[in-house]
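This report refers to the structure that appears directly beneath it.
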Amino acid sequence: MSSPSPLPDGAYAPPGAVMTNTARAGTGAVAVPAWPVAGAVLAEVRRDLRGAVVWALALAVAGIPAGLLWVWLAPRARFEVVKGGAVPVGNPSAELLVADDSVLVLVLAGLGLLAGGIAWAMRRRRGVVTLVATAAGTALAAVLAWQLGELLAPGPTAAQLGDVGAYVTTGLDLSSLPALAVAPFTALLVYVVAALFSSADDLGRGETRA
């Protein structure tokens with residue numbers, strides 16, 4: 001009768017396991033199966049996916065009031081059409097050319113702050129899926145606000161500029177497209193900062209309110 005084979009030094013790793021940590025002071029390696037971790041991540045994605053899609057669509061629709069707010073807040077100047085061109089009515093601000101971009105940046109920053117705060121407040125949905133949905137939704141909202149604002153406040157047409165004696169109003173025009181990144185950047189910044197101050201490994205999504 002043969003004697004059993006000697007056990008190898010250190011901890012024994014069964015098939016399908018991955019060594020993730022090495023214990024200190026020569027106590028050996030700790031074997032942690034890889035598939036339960038991957039399975040947990042996939043389960044979380046499946047669980048949060050539907051809610052994340054709804055959340056992203058809701059954020060995208062928020063671009064409509066953001067665009068209306070841009071139209072309302074952005075300063076515009078009136079001109080009287082005369083022979084050979086147009087003359088300003090009153091004393092329009094010298095910063096009028098950059099005012100459109102500045103106002104939209106402020107509106108999108110406010111939208112991003114609200115989106116990031118609300119996303120973090122959805123305790124049961126905290127995670128990577130919600131983070132991606134927040135970024136995508138705010139990006140779509142920014143594009144929608146931009147397009148809606150320019151649609152509702154167009155500049156004067158060639159026919160209007162040729163009508164001597166008529167009054168025209170400048171339209172909204174975004175001259176810097178990178179301004180659209182303000183909404184998703186602000187939303188992600190709020191979310192990530194809140195996550196950094198969370199002491200729980202699951203970001204507190206498993207906690208229940210008292």
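The values are calculated or read from the model by the stated rules, or taken from the named source; none is laboratory data. Please read these numbers as outputs of a predicted model, since none were measured by experiment. Cβ: placed from backbone, ideal geometry, glycine included. Neighbour counts: every protein chain shown. We work out accessible area using only protein heavy atoms, side chains counted, and drop any ligands, DNA or RNA first. Shrake-Rupley method; radii C 1.70, N 1.55, O 1.52, S 1.80 Å.
Before moving on, here are some points about what is shown:
- Linear extension gain, residue 192 paired with residue 68, 0.36 nm per residue minus alpha-carbon span: 41.8 nm
- Solvent-accessible surface (1.4 angstrom probe) belonging to residue 175, in square angstrom, nearest 10: 90 Å²
- The figure for residue 185 is an accessible area of roughly 140 square angstrom, using a 1.4 Å probe on the protein chains alone.
- Modelled spin labels at residue 109 and residue 175, positioned 7 Å past Cα toward Cβ, are 1.9 nm from each other.
- FRET efficiency for residue 147 and residue 50, using Cβ-Cβ distance with R0 set to 22 Å, rounded to 0.05: 0.20
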